[in-house]
Structure formats: C-alpha cells, structure tokens
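Worksheet: one structure, shown below.
The values are calculated or read from the model by the stated rules, or taken from the named source; none is laboratory data. From a predicted model like this one, the values you see are computed outputs, not experimental measurements. Cβ coordinates were reconstructed from backbone atoms using ideal geometry, including for glycine residues, and neighbour counts include every protein chain displayed. To get the accessible areas, we keep the full protein, side chains included, count just its heavy atoms, and leave off ligands, DNA and RNA. Shrake-Rupley method; radii C 1.70, N 1.55, O 1.52, S 1.80 Å.
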Amino acid sequence: MKLSQSRRGFLLAVVAGTCLFPSISHAANIIVGTGNDTSYFVLQSPNLGVRTYEVRYTYSPATPQDGYFLLDRIRTIDSSISLALSNFGGQYFLDSLTYNSVTEANDFTPPDYSPYWAHWASGGEAGYPAASPINSGNWTYGSGISSQVRLIAPGSWDALYYSDGLSAPSVAPVPETSSAVLAILSSVVIFKRRRSS
C-alpha cells in the first residue's frame, strides 16, 4: 500500500513524537470534573486492576484541597466502584473497595498485617502530623489522604494500592506535559504548512 506524501509526513510526526515523549501514556484516563488544574488519582488492586483518574479543578493556594477531595469526586462519578471509609478525627482512611461484586478490605491480621489500602503520593505536600513539600515524578509512601497530612497541587498524584504496603503503584506518576503535546502538534502543523506552500 502506497501512502501519500502528506500521510507519510503525518505518520512520521506521530512516530517521532512517540519516541521523543514516551511519558504520554495516560490517554485512557477517566476524566472527572472541570477546571484549569489537574491532579491524578490511581486505584490499584488485584480485582480492580489499575484505574487512573484525571481530576480537573481550580487550584487555590488560600484554600488548598486534599487527597480526600479527589477521592470524593471519583466516588460521586464512578458508579462501578463503592468505597467504605473511616473518619478518625477528620482523617479519612479507605477500609474497603467493592468492584464487580468483589470486595477488597483491609486485613490487619498478624503476622503480616496485609493486604491493605496503602496511600502513596507524588508532588504537593504530605507528611505527619503536618504536610511538607514532597518530590514529583516518583512515589512516596503517604500518611493519609486528608488535609493537614496531604495537600494536592496541580500535577500531583495520589494512589491507593491494595497490597503489602511495600510496593509502589505500577503507574509512573508523571503526566503528559502540555509542551510535549504541543511539540507533536506543531510538527504536524509545520509539515502541513510546508506541504501547502
């Protein structure tokens, strides 16, 4: 099959973009909400698999949001899951998650006290008893999803992973950047301009 010059150029631009920007891998995100800013939330377990939610909101430094805000937005829009949470003095913890009629609940039975829903974070602030800035781009074992111990920021990631608490989620907490997407689009536009001239 012979491709026209314009189609060959478009395919080359897409392939080049894929090679240059391999981090663009979250196209299947479940998008929740609207707003100018985005944070991500991952739910991962043997039964659920991996679900990545792209939560859009408007960030306000004066009134920052927490991981519970993200999880609550997800709970209200994704009817395929149901969550059971405990509130200890304003701190929320996930006790169990049900998906396809299968429930995965915390098992704090000795000697291994697992599996359980462990919290992981990347970017924003996290820590106990008060949150401090943490690095982006890799997972840090979290101390909970609620305010004071977890504050989100644009581009931050949260995860609840049903495991032994030692393994980080399998999704890399690195969203596609707008500059990467723009670079791919501009290469296509440049080719089209050259082609049409």
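Just checking, does the range 163-178 include any residue being modelled with pLDDT of 95 or more and part of a strand (DSSP E or B)? Yes, the range 163-178 has at least one match.
Only residues that are farther than 23 Å from residue 133 by Cα, open to solvent by 50 Å² or more (accessible area, probe 1.4 Å) and in a strand (DSSP E or B) were counted across the range 43-91, and they come to 4. Residues in the range 101-148 that are under 20 Å from residue 85 (Cα atoms) and outside any loop (DSSP other than H, G, I, E, B): 102, 103, 104, 105, 116, 117, 118, 119, 120, 121, 126, 141.
The selection criterion, being at negative phi, modelled with pLDDT of 95 or more and of a type in the set (Asp, Glu), does not hold for residue 112. Within the range 103-120, being in contact with a Gly (Cβ under 7 Å, 6 or more places away or on another chain) and among the hydroxyl-bearing types (Ser, Thr, Tyr) holds for 114, 116. Would you please list the contacts, defined by Cβ atoms under 7 Å and residues six or more apart or on different chains, that run from a residue in the range 158-172 that is closer than 9 Å to residue 43 by Cα and hydroxyl-bearing (Ser, Thr, Tyr) to a residue that is assigned to a loop (DSSP other than H, G, I, E, B) and open to solvent by less than 20 Å² (accessible area, probe 1.4 Å)? If the second residue must be assigned to a loop (DSSP other than H, G, I, E, B) and open to solvent by less than 20 Å² (accessible area, probe 1.4 Å), the pairs left are 161/169. Please indicate, with yes or no, whether at least one residue in the range 130-150 is touching a residue at least 40 places away in the same chain (Cβ under 8 Å) and aliphatic (A, V, I, L, M). Looking through the range 130-150, at least one residue is touching a residue at least 40 places away in the same chain (Cβ under 8 Å) and aliphatic (A, V, I, L, M). Taken over the range 117-138, residues that are open to solvent by less than 40 Å² (accessible area, probe 1.4 Å) and among the aromatic types (Phe, Trp, Tyr) amount to 2.
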